[in-house]
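The structure appears right after this line, and notes come after that.
No lab work stands behind these numbers, since they all come straight from the coordinates. As the structure is a prediction and not an experimental result, all values here were calculated from the model. With ideal geometry, Cβ positions are generated from the backbone for all residues, glycine too; neighbour counts draw on all protein chains shown.
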Amino acid sequence: MLFFVFSSLWYFSSGLPDYKKLANYEAPVSSRLYADNGMLIAEYAIEKRLFIPYGSIPKKIINSFLSAEDKNFYKHPGVDAQGILRAVIKNLHNIINDKRLEGASTITQQVAKNFLLTNEVSIKRKIKEAILAFRIEKAYSKEKILELYLNQIYLGAGTYGIASASLEYFDKSVKELNYSEAALLAALPKAPSKYNPFRYIEEATLRRNLVLNNLTENGFISKEEFEKFKNKKIILKKRDIKIFNDANSYSEEIRRIIKDKYGFDKLYAEGLSIKSSLNTDYQVYALEALREGIESYDRRHGWRGVITNKKNDSKWREKLNNLKIDTSLNWNLAEVVNIKEDQIIFRLIDSKIKGQIYKKNLKWALNKSIENTFKVSDVIFTKKNIKDQWVLKQKPKVNGAIVVIEPQSGKVKALVGGYSYKTSEFNRATQAKRQPGSAFKPFVYAVALENNFSPNSIILDAPFIAEQGVGLKNWKPENYGKKFYGPSTLRKGIEYSRNLMTVRIAQQLGLKKILNFSKELNIYEDIPELLSVSLGSAETSLLNLTTAYGTFINGGKKIEPILIERIQNRRGKTIFNADNRECVGCDRFSEDKIVIPEIKNNFKQVLSEETAYQITSMLQGAVKRGTGKKLRDLKVPLAGKTGTTNNNFDAWFIGFSSNLVVGVYVGYDNPQSLGKYETGAKAALPIFKTFIKKALYKEDFKEFSIPETIFFSAVDYDSGEKANLGNKKAIIESFKNSDINKLKNNELEISGNYDKLIKFRQFY
């Protein structure tokens, strides 16, 4: 018999998990993402869990769980013989009465099962569990075992461990709980779903009272306290986590980045603290601007009809239940109850609230009249506008994105990947690859300025034909207005987005130089050497293109987009820091004199500082006179470029001030024309304008930095030749030292004088 016992123990002991790993166990903890102001943006977790060491666990919690789960915990060696005997007797009774069988697992056994074994229901597993329990008891203190158990146990509502459960059910720390609340938590491990107080308050109360009774029998609370707590109503308060909810595209992009860099487990279990570059104000303004712009586009293209009609559609309820409604839009479903000549009267679905939409707010949707457009019982979307008036809404089919970057650092201050994250998680700022069209042209012109062109260089704007190869039609690019303008300055070419001039520049430079430059800036990767690329025919993302524009403001230095500034592990150790600037002199100390450290960035110079400014100046001109002139009324220093692809499939605007660069894209997910007149200037630029008006105050609009090596001269806007300031067509043009000879050896009117430049800004 003894031999059989020892043989059995040897058999079941072989291949058991190593219990020693519990010594270094760290509970999986959720990671948190924060904005630059410390506001919580997102939590990444599989389990709701917070870890609490044994020394911080209140006695009332320990007493409650021992009374509920293992009253002999401090007496037994891992397995409770008395408990097993009681369970056997009780289960005989349960078998006779066809009731559920009960176990007799100690807390130590539960630790063995939860950490080292599976949930398999079998005699074999129970024996292994008992053997491991004995070993765990020999290796670890009772306190360590309790710490493991109370931080690992599942307590319902997606929570693991007492700290997380306390917040979930009571919105309290464990130290704030009374015995009634502690007993409720201790009641949950037996059957978390059955005793979930949010759903089954009566069953939860009965189970809590049983734990309270055990606490009394075990001498932890008096009979008077038992009566007091037994009659105490369970007051639940669900945890209210204040999370910034307008950055879903941003937080999802960060989730992908960290998961790819560190792996799934590290993100979801290591309790990382992640600081992002997100500015919550900019994010709100960006989301509002994008939605406003997309809705404005959608209204221009008319009303597509009501959702359904309650009277004529027997399945109207099912149809409404299947709608994906983004609650962040604050739209309401409403039923038309009356139609008048100048308004429709509605009642909100499943509500007694009534309202009206006046004709002036319906004009965009009307087919001749209100009576011809709407019927009683029609179901529509409605919302109150900023004037507290009800307006008609419809879900747009078009979509878009907006990105906001700090050009001096590359920090992404806002990113919105679509009109509604709830209805589509696809990120059009990072995942969508589309043709930028004319928004790519500044990079062609930048290469030109780096290769002996100047802003007043003359390029022919005339018909252009290029052979594309055997069996292919000749390529004949056209200007937007299908006109030709003859010899024109480089400045004029970019301000008015002349296609034919751009192609000729690319041909003169050689496409290789342009492609290499675009690759250096991460706009494109490997693309074919076709002249059409100079007009933005290759595909890129909004984030990449907007980042590349930051080079112009950053003095020709390349920047990388930074969404994550810093990552710390659960112990506060920094494991990633985006700021890799060099501090010169930080390691020096002198008692004799003050040593002022110097912070140096290591951004790569990809353009000369002079070229970067010249492009900025020319894109300022695009805002003053060219394709971006809808921004002119703001009367602040702005620069930017529109982009419109063939057949108006994609609309872009990349604009910037001295401290922000903002990229906007509008288009259909399944490429199709936006409409004949839906250009970058009409569909995308207004979104930029709305954002910039909200985001920046007058004092934020500073003049663009001018390199000391830049010189200025008055030139004729049309010919590019030196002109008198009194000439109506005279503008102030920027030149490098190497460009001076191109002014036909005439003296410069203005030479590197910023004050004078401001004085003559009306010509600029």
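Could you tell me which of the pairs 360/624; 113/228; 630/702; 324/694 are separated by over 27 angstrom between their Cα atoms in the structure shown?
Pairs exceeding the cut-off: 360/624; 113/228; 324/694.
Rounded to the nearest 500 deg cm²/dmol, what is the calculated helix-only ellipticity per residue at 222 nm for the chain, with -39500 (n - 2.57) per DSSP H run of length n ≥ 4?
Dividing the helical sum by the residues of the chain leaves -10000 deg cm²/dmol.
With N denoting the number of residues in region 153-249, provide Rg(C-alpha) divided by 2.2 N^0.38 Å, to two decimal places.
In units of the globular-protein estimate, region 153-249 measures up at 1.18.
In region 621-674, which trypsin sites (Lys or Arg not before Pro) are in a loop and have at most 15 other Cβ atoms within 10 Å, using DSSP for the loop call?
Hits after loop and neighbour filter: 635.
Would you list which aspartates and glutamates come within 16 Å of residue 693, measuring only between C-alpha atoms, while excluding same-chain residues fewer than 8 positions from it?
Those aspartates and glutamates meeting the cut-off are 281, 288, 292, 633.
In what sequence, highest mean first, do 26-38, 178-190, 358-370 appear when ranked by Cβ atoms within 10 angstrom?
Top to bottom by mean Cβ count within 10 Å: 178-190, 26-38, 358-370.
Taking 0.36 nm per intervening residue step and subtracting the Cα-Cα distance, what contour gain separates residue 729 from residue 630 on full extension?
Gain on stretching residue 729 to residue 630: 33.6 nm.
Check every DSSP H run in the chain and write down those whose alpha carbon atoms cover 18 angstrom or more along the long axis and whose mean Kyte-Doolittle hydropathy is -0.5 or greater.
Span-like helices here: 81-96, 123-139, 201-217, 609-624.
If you look at just the Cα atoms of the chain, how large are its Rg and its Dmax in Å?
35.1, 117
If you rank 678, 203, 609 by fewest surrounding Cβ atoms within 10 Å, what's the result?
Listed from fewest to most nearby Cβ atoms, that is 203, 609, 678.
What's the local net charge at residue 68, with K and R +1, D and E -1, over the other residues with C-beta under 11 Å away?
Once positives and negatives cancel, what remains is +2.
Inverting the mean 1/r over all pairs of different Cα atoms, compute the Kirkwood radius of region 376-465 and quote it in Å.
18.4
Check the straight Cα-Cα distances from residue 230 and name the aspartates and glutamates below 13 Å, setting aside those fewer than 8 residues away within the same chain.
181, 202
Quick one: Cα centre-to-centre distance for region 516-584 and region 632-684, in angstrom?
20
Exposure proxy check: 411, 698 ranked by fewest other beta carbons within 10 Å?
Fewest to most other Cβ atoms nearby, the residues stand as 698, 411.
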